[in-house]
């Protein structure tokens, strides 16, 4: 009798022992509306506002502005998506941004500590704040909604205690550069014909990035083929690499034509890559999905549910501290009202980006896309001179529509919970 | 033709219901005589529940083809309120009661006993008590539903149906979660309702109950009506029903198996567990069990005897407080303080409720298979638990899909969409992947159809042949008798008996299982 358990994972089996299923079945030419819808929506919104603003949306300086002005929300959205995947929520993120910004200001401005040390202490403070909230949620069993609602008040109160009614500034140049500045053009400019001059380093980074995307996707695909998994047919695969590559290159060219690569974009890119790897591949990341998908099943599968919950809140605190420093550095002062309602933007970004209200579903790239959708709406509407109340109205409706779409596709596909 | 008889309360003719890509019902006919108990049988996915949803208006008129005639009048229900208005009430397998509300409030939920918009509590409770008397439930109407057991909750559902002046009562797997005593009471109650002229349609997997209670039986298979049998003569055997359901003669319900019993794998000594909600209540009292390699051991007990509690407390103290006793694995004492300890000591526990506790239904098969031992697929284990090799994960899951015959197009299929039997195979794959020496299987075939049960039994036999020690917990005594080499009986937290396959009979086991519990069964 053949063993019931398939070959042990520890013993590498020559992949050709797995009889490959049909490598490209045309039926698998799949368009997953739940996952792809968000990117299509993003493209449509960009096109819409490009038309409405006569192309102003895609001007080099404006693209740079969109990224720099929204970087802190996008950083928060990365932390928030992990919490939402695990089935929790964080309402305190905005207040934590404020309090960590205030802490960094006290350290850098009042105490005149060297900025790297001050930054490190601020991040540790963020981690402790996250650990504090994570403790109540994970080990005491209080719903995150309540804990972070309390945190929202407590940390705002601490901010006001530290700052009183005024801001602290100005910040050291290094911090301001990180939040607002651009990489120096060490290699000079190159002419791009009618597009004018563009920075060489930025262009090189863009080309390397696109090459890296293509190479890693290709390696993933060939590994899957070796294991006999079904993959996208080659034309679709090429399209799936080409489309984002074109977008990345276009953005990069525009940035190169303006000032250069913003430092926050470099930081953001590193965070997105790191956290995408974490959620897709790390055991810890996979446990987050397990906890959010079915808490009891995860517990009975030996997942250390409490520890997972605790650490995603610590992580949120760290990211909120980074966002706090960047936001303060950008305004060049830490203010008492900093970060107000940031958590709502981050939560909205996560849900627009395809997270499920019940947890267990969501992607880092989705949350970033959700955040960018809101950023483009914000920016595009202000370019056409829409009043802020109308911007708010549209953002609210977009959030509702995105979640309604998610619920609707889920119902159509027939995944009942 | 039975459908031409004038005393039919219900005639469904040519019912066809399609979902995108699936034909769930195809030209189904069902005729139910007034005042009878009519059973509907079929494997999972045969279309029973879909048919009942068509009947009760969950799928509104127009979303299906065919005609329904109830009480002599054609029906075009647009929702469940319509059908209830006509006297058709369906009680789902998952009870639809609000646990925080009282029995009376639940009975009159949506049908409040109100005068001028205000609820009349005296009348509500008075009417509720009358209904409770009719269903033989001795509880006060103001008791919150969460304070009574599943069996009694089932009776509350029936009382609720009676309050709606039910003519046709549909019960979907009413005894699936009940112990034998509660099941017997429920069947008696249905007989009583029959005498009062209420027609019942009962969907059940428990063929012995159907044989006992049903007047006629309609068998569905693959969305079609296969046959309607008259059960009153009493000459329809379980084997006859099964062959109708599976479309082939299932010669034996249990695969033949000879165990080769080896070394002792796990010894549970003097195991005592207290309830987490009432720490002074003993749930498992000084239990002693021995599990050997290659042997399939059964654990029999009525609902509430402490079977699941015993298993879960052994499995990394997942249940209970003040646990005392010793676990001796391969001759050496072990401590399993949490689930991952237990897993690393080679103990696996597949839960009785796979949807709630066993699977992540929104994830695909491969991620469920790897869930309990993800580290095995990880490289560079130090940081963040290591990095998962998702190609290996695919290969492992694909291997299980083939060897356990999980019916799904790929291992990227979402587990929530699989049938019960295939979900159970995913659960088994997940635990086999942890390389256990001891597998505890809690109700491994609950709610899955006959064909899939046979496959599960075959898998269990193979696992035993590979030298694993198996403990099967089951409410179905024939199942234990059919697959186990040795059976322990548990009653009120105590092991009251141990019998070998040769000595075991249902009567003998039942005797052990009811020992010392008689006092508790008496209503206060």
**Request:** Divide by every residue of the protein assembly as shown the summed helix terms, -39500 (n - 2.57) for each DSSP H run of at least 4, and state the resulting mean residue ellipticity at 222 nm, rounded to the nearest 500 deg cm²/dmol.
**Result:** -15000 deg cm²/dmol
**Asked** Per residue of B:348-359, what is the mean number of Cβ atoms on other protein chains within 10 angstrom of that residue's Cβ?
**Response** 3
**Asked** Going 7 Å from the Cα of residue A:358 toward and past its Cβ, which residues in the stretch B:425-448 have a backbone nitrogen under 16 Å from where you end up?
**Response** none
**Request:** For peptide A:225-236, compute the average count of partner chain beta-carbon atoms within 10 Å of each residue's beta-carbon.
**Result:** 2
**Fill in**
Label model pair residue B:324, residue A:267: point-to-point distance (7 angstrom along the Cα→beta-carbon line) in nm is 5.8
**Request:** Please list the radius of gyration and Dmax for the stretch B:360-433, considering alpha-carbon atoms only, with Å as the unit.
**Result:** 12.1, 38
**Complete:** For chain B, Rg(Cα) over 2.2 N^0.38 Å is 1.03
**Asked** Which of the peptides B:199-212, A:214-227 is most tightly packed, and how do the rest follow, judged by the mean count of other Cβ atoms within 10 Å per residue?
**Response** B:199-212, A:214-227
**Request:** Using 0.36 nm per residue of separation minus the Cα-Cα distance, give me the extension gain between residue B:332 and residue B:258 in nm, one decimal.
**Result:** 23.8 nm
**Message:** Considering all alpha-carbon pairs of the stretch A:185-260, what whole percent are spaced by more than 20 angstrom?
**Reply:** 43
**Prompt:** If you stretched the chain out fully between residue A:139 and residue A:214, how much longer would it get, using 0.36 nm times the residue separation minus the C-alpha to C-alpha distance?
**Reply:** 22.7 nm
**Fill in**
In whole percent, the Cα-Cα distances of the stretch B:257-346 spread across 10 Å bins from 0 upward as 17, 47, 30, 6, 0
**Prompt:** In whole Å, how far is the Cα centre of the stretch A:158-213 from that of the stretch A:94-114?
**Reply:** 21
**Complete:** For A:369-375, A:384-390, B:139-145, A:78-84, ranked highest to lowest by mean beta-carbon neighbours within 10 Å, the order is A:78-84, A:369-375, B:139-145, A:384-390
**Request:** With a point put 7 Å past each Cα toward its Cβ, work out how far residue B:417 is from residue A:222 in nm, to one decimal.
**Result:** 3.2
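Going by average Cβ density within 10 Å per residue, which order do the peptides B:169-175, A:61-67, A:39-45 take, highest to lowest?
Numbers: B:169-175: 23.4, A:61-67: 18.0, A:39-45: 15.1.
With the highest mean Cβ count within 10 Å placed first, the list reads B:169-175, A:61-67, A:39-45.
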**Asked** Taking the Cα atoms of the stretch B:475-516, what is the range of coordinates along each of the three principal axes, in descending order and whole Å?
**Response** 26, 16, 15
**Request:** Give me the angle, in degrees from 0 to 90, between the Cα long axis of helix B:180-195 and the longest principal axis of the Cα atoms of chain B, rounded to the nearest 10.
**Result:** 10
**Asked** Projected area of the stretch A:218-272, taken from the Cα convex hull and averaged over every viewing direction, in nm²?
**Response** 4.9
**Prompt:** If you build the Cα gyration tensor of the stretch B:3-160 and take the root of 5 times each eigenvalue, what three semi-axes come out, in whole angstrom, biggest first?
**Reply:** 33, 17, 16
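Dividing the convex hull volume of the alpha carbon atoms of the stretch B:384-524 by its residue count, what do you get in Å³ per residue?
178
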**Asked** How big is the stretch A:131-227 in terms of Cα radius of gyration and Dmax, in angstroms?
**Response** 24.3, 63
**Prompt:** Across peptide B:411-419, what mean number of C-beta atoms from other chains lies inside 10 Å of a residue's C-beta?
**Reply:** 2
**Asked** Roughly what angle does helix B:390-403 make with the longest principal axis of chain B, taking Cα atoms, 0 to 90 degrees, to the nearest 10?
**Response** 70
**Request:** Compute the distance in nm between two label points, each set 7 Å from the Cα along the Cα-to-Cβ direction, one at residue A:276 and one at residue A:120.
**Result:** 3.1
**Request:** Decide, for chain A, between rounded, prolate and oblate: order the square roots of the alpha carbon gyration tensor eigenvalues as a ≥ b ≥ c, take rounded if a/c falls under 1.5, and otherwise choose prolate if a/b is larger than b/c, else oblate.
**Result:** oblate
**Request:** Just need log10 I(q)/I(0) for the stretch A:297-416 at q = 0.11 Å⁻¹, Debye formula, equal scatterers on the alpha-carbon atoms, no solvent, rounded to two decimals.
**Result:** -0.52
**Message:** Given 10 °C and 1.306 mPa s, compute D for the protein assembly as shown with the Stokes-Einstein relation, Rh being the Kirkwood radius over Cα pairs; round to the nearest whole µm²/s.
**Reply:** 50
**Item:** Distant alpha-carbon pairs in the stretch B:97-165 (separation over 18 angstrom), percent
**Value:** 26
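Where a number appears in this text, it was derived from the coordinates with a stated rule and is not lab data. As the structure is a computational prediction, the values presented were derived from the model and not from experiment. Quick reminder, even Gly has a Cβ in these numbers, built from the backbone with ideal geometry, and neighbours come from all protein chains shown.
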